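S.K.: Below is the structure I would like to discuss, written out as structure tokens.
The values are calculated or read from the model by the stated rules, or taken from the named source; none is laboratory data. Just so it is clear, the structure is predicted and the values come from calculations on it, not from any experiment. Positions of Cβ are generated from backbone atoms using ideal geometry, with glycine treated the same way; all protein chains shown enter the neighbour counts.
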Amino acid sequence: MGLVAPTAASQVLGDLGAILLLTMLFTAVTSAGSEELIFVSSLVTYDIYRTYYKPSATGRGLMRISRLAIVGFGIGMGLLALMLLQVGASLQYVYLAMGVLIGSAVVPISLAIVWKRTNKVAATSGALAGLVCGVTIWLASSYAFYGTLSVSTTSQNMPLLAGNITSIMVGGIVTLLGSLIRPDNFDFKLMKQKIMIVDAKIRRAVEHESDEEYFKRWSNFGYKFGFALTLILVVAWPVPLYLSGYVFSKEVYIVWVGIALTWAATAATAIVLLPLIESRAGIVKVLRRIGQGSNAFEEETQQNNVEYYHARRSPSYQKRILVPVDGSQQSLRALDYAANIYRSSSSSSSYDRVTITILNVIEWADEDEESMDDELASTMEEQGRQMLRSIMIPPRARDYERMVKLGDPSTKIVEMADKLKVDMIVMGSTGLSKSEEIGHVSRKVLRMTSIPVMLVK
């Protein structure tokens, strides 16, 4: 129904081409649908429910809201798909109309990324105003050109073009004017605390202020390269062919297809091989472990235990302090107190240094852990990491690490204290529950552990 890829695949390869394309389409749709469900459930659960409705929600409550959001979104998308099917809208119609529906957000998002003076209210208003104006012009031009509103008339090129241009331009103009009238001054350094960098090499580089110029230089290169590539692929290449009305000869078409195949083959090779090359050290280590068997692992574990035992007996070793943080004022005071312990101990010759482990435990019933959805658990852990990254670490704490766990808070705190072999637990006397005395988590930790515990009001 107007799509080039399935038409070409079925004409060139017959039924096999249709089957291959259907398989590729199925994997793409299920992958995108899965991500959409995760994103929507995360937005509803954390950005709406926990942020505005119930900040002290437990893991069980968040799981329930997340599942309701997934079910609601899935039913809504199913009804929308059935409606489009009943009115006779093709995939091509959906693709072209998508520009009208989401094009208004392109300029606001782009300005928010590259321009620190972008006003958040103006960006939001621009996206919404562009959507309303784009849809209005799209439908009005369809009626003006063809005298009626239907799937056939609204799928014509001129109404869609008018709607797309209106949506993009209105969103951009409202955002730009609003930001010029009332400019913000966003500090992009805050993004260091908001975005989790998975790659350890890049993360270590980002944590050093001396590498700011390095990343700024490559960021500018990325902007210039992306802009130049856009001009080449979107303007310089296709526009002359369109305006000249040129029709490919067989030889030119062969060259054109050859370029496309070379591009695709190069991209596929890079996508497949680069991860293997970058992970070669880890792959070799795993293969060696497999070849050596479990004896080598046991010997290494015993060696580590011996080294730790000797380190504990030595007058100079690394001292560890565990600081559970839940975002409450008491937990933040505990973190500051732990940093003071660091300052008083770091000058002593008894210890080389003190490592502060900042732990955030997202409450989750133990009996539900086996049925826990991996994707949702990963999303919840990422939310915990974002909370930890938003906390300003006292400058005195030069050696620290952040950690997120799911489960019963008191149980996980004791488990991590034993696993990390910490010397002390420093935590708030109460948490988000606003208890006047010692909170239930602090009380259980005191009862369950033999490690010294310092409670901070």
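S.K.: Which pairs have Cβ atoms under 9 Å, sit 6 or more apart or on different chains, and link a residue in the range 98-109 that is in contact (Cβ under 8 Å) with a residue 40 or more places away in the chain to one that is outside any helix (DSSP H, G or I) and buried (at least 19 other Cβ atoms within 10 Å of the Cβ)?
M.R.: The qualifying pairs are Pro108/Thr118.
S.K.: Looking at Met169, Met158 in this structure, which one is over 28 Å from the mean Cα position of the chain (by Cα), within 18 Å of Tyr95 (Cβ to Cβ) and not in a loop (DSSP other than H, G, I, E, B)?
M.R.: Met158
S.K.: What about Leu37, is it within 17 Å of Gly78 (Cα to Cα) and either under 25 Å from the mean Cα position of the chain (by Cα) or not aliphatic (A, V, I, L, M) (or both)?
M.R.: Criteria met by Leu37.
S.K.: Could you tell me whether the range 20-34 includes any residue that is of a type in the set (Phe, Trp, Tyr), more than 22 Å from the chain's Cα centre (by Cα) and more than 25 Å from Asp326 (Cα to Cα)?
M.R.: yes
S.K.: Is it the case that some residue within the range 261-269 is more than 30 Å from Asp399 (Cβ to Cβ), at pLDDT below 90 and of a type outside the set (Phe, Trp, Tyr)?
M.R.: No.
S.K.: Out of curiosity, is Thr118 among the polar types (S, T, N, Q), in the same structural domain as Ser150 (by TED's automatic domain parsing) and part of a loop (DSSP other than H, G, I, E, B)?
M.R.: Criteria met by Thr118.
S.K.: Sticking with this one: Looking only at the range 78-92, filter to residues that are in contact (Cβ under 8 Å) with a residue 24 or more places away in the chain, of a type in the set (A, V, I, L, M) and part of a helix (DSSP H, G or I); which one of those is surrounded by the most Cβ atoms within 10 Å (Cβ to Cβ)?
M.R.: Leu91
S.K.: Which ones in the range 311-349 are in a helix (DSSP H, G or I) and modelled with pLDDT under 50?
M.R.: Ala311, Arg312, Arg313, Ser344, Ser345, Ser346
S.K.: Here's something else I'd like to know. For the range 242-259, name all the residues that are more than 39 Å from the chain's Cα centre (by Cα), of a type in the set (A, V, I, L, M) and in a helix (DSSP H, G or I).
M.R.: Leu243, Val252, Ile254, Val255
S.K.: Still on this structure, please answer the following. Quick check on my filter: what residues within the range 34-61 are within 16 Å of Met387 (Cα to Cα), in a helix (DSSP H, G or I) and not aromatic (Phe, Trp, Tyr)?
M.R.: Within the range 34-61, Ser42, Leu43, Thr45, Asp47, Ile48, Arg50, Thr51, Gly59 meet the criteria.
S.K.: In the list Arg447, Arg398, Arg402, which residue meets the criterion of being modelled with pLDDT under 90 and in a helix (DSSP H, G or I)?
M.R.: Result of the check over Arg447, Arg398, Arg402: Arg447.
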